[in-house]
Amino acid sequence: MTPEELIPGFALRPAWRLGDPRIEADAIAFWARLNILPPGVVAADRAKELVAVVYKGEDLVGVQTAVIEQVEQVRTRLAMIRGAVDPGHRRSRIAFALTLYSRSLLELWSRDHPEERLGGLGAIVEAAELAERAREPYWPQTRFILAGFRPDGRQLRISWFEDFRVESGETWALSPAAGPVGRSPARTRSDSGCPAIERRAPSGSAPRGSPRRRTIP
Ligand SMILES: CC(C)(COP(=O)(O)OP(=O)(O)OC[C@H]1O[C@@H](n2cnc3c(N)ncnc32)[C@H](O)[C@@H]1OP(=O)(O)O)[C@@H](O)C(=O)NCCC(=O)NCCS
């Protein structure tokens, strides 16, 4: 099902880096009406971060914004998304459709801008409404995985783009004796916090022996 098919009667519109004055003005009015922006956030600045919006007729009823940030936890630049839906139209799958739509939009943009090294979408789960869903570590439809926690306990979720590859300096060889390869300094087993890692041969090379599972404390 496409994002458009998920929300019949509503219209999804792209906004990412378009500077569309009508969409920006509608989003600023929407945030003011809902009084939803935190103190100190300038609506006109936030409007420059719009990824996509949803209209019902002439009314803007949903927004999604993103800021590209380096997320040290995964050493990757992610588009950190935020969203809000008009209370009169909640539980209509608008946020869900917006997320799928924004994900495709940003993934295509990222393919056209490889220099941005954008790895995917990131989200900090803030809505109390999502508490029950947040107990599921993987949301298959939007591909958001639980990737960690902020010090205050909020979840960091990541939806990785298919074509993205981490820097080769951060990958590890198949052979347990080889350790890290590439430009990373050598690491010992004790300085990694990884849980069990299933090592895989680099594509195109035949694995030596059977795959190994190593647990790193
Ligand atoms: C959070 C928010 C964006 C959700 O928007 P929405 O359009 O109502 O969400 P959707 O209808 O797309 O819901 C997607 C899924 O999220 C979960 N969900 C959303 N709202 C929920 C609620 N009130 N209670 C329980 N689950 C909820 C459900 O699993 C839902 O799927 P389902 O309806 O098939 O069960 C909206 O409530 C909002 O704008 N809140 C205020 C701003 C905010 O908190 N932003 C998000 C920060 S993470």
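Every read-out reported here was derived from the displayed coordinates using simple, explicitly stated rules and does not represent laboratory data. Here the structure is a predicted model, which means the values were calculated and not measured. All Cβ positions, glycine included, derive from the backbone under ideal geometry; neighbour counts span all protein chains shown.
Taking 0.36 nm per residue of sequence separation and removing the Cα-Cα distance, the ARG82/TYR138 pair yields an extension gain of 18.3 nm.
Kindly state, to the nearest 0.05, the FRET efficiency for GLU162 paired with ARG17, given R0 = 22 Å and r defined as their beta-carbon distance.
Details: r = 21 Å, r/R0 = 0.98.
Step by step, r from the Cβ atoms, then E = 0.55.
Couplings 3J(HN,Hα) of the range 98-111, computed from phi: 4, 5, 4, 5, 5, 4, 4, 4, 6, 5, 5, 4, 5, 5 Hz, in residue order, whole Hz [Karplus 6.51 cos²θ - 1.76 cosθ + 1.60, θ = phi - 60°; x for Gly and Pro].
In order along the range 134-141, phi translates into HN-Hα couplings of 5, 6, 8, x, 9, 9, x, 5 Hz, rounded to whole numbers, per the Karplus curve 6.51 cos²θ - 1.76 cosθ + 1.60 with θ = phi - 60° and x for Gly and Pro. Taking amide H positions as modeled 1.01 Å from N, with prolines and chain starts lacking one, the residues under 5 Å from ALA52 and 5 or more places away or on another chain are ALA15, GLN64. Between ASN35 and ARG111, the simple spin-label model (points 7 angstrom out along Cα→Cβ) gives 4.5 nm. Taken one residue at a time, the phi angles of the range 47-59 give Karplus couplings (6.51, -1.76, 1.60, θ = phi - 60°) of 5, 6, 9, 4, 9, 7, 9, 10, 10, 10, x, 8, 8 Hz. Gly and Pro are set to x.
Write down the Å³ per residue value for the convex hull defined by the alpha carbon atoms of the range 7-68.
Hull volume over Cα atoms, normalised by residue count, gives 84 Å³.
In the neighborhood of VAL42, defined by Cβ-to-Cβ distances under 12 Å, what is the net charge if each Lys or Arg adds +1 and each Asp or Glu adds -1?
Numbers: positive: ARG46, LYS48; negative: ASP45, GLU49.
With Lys, Arg at +1 and Asp, Glu at -1, the neighbours total 0.
Anisotropy class assigned to the range 52-151 is oblate, per the alpha carbon gyration tensor with a/c at or over the 1.5 cut-off and a/b no larger than b/c.
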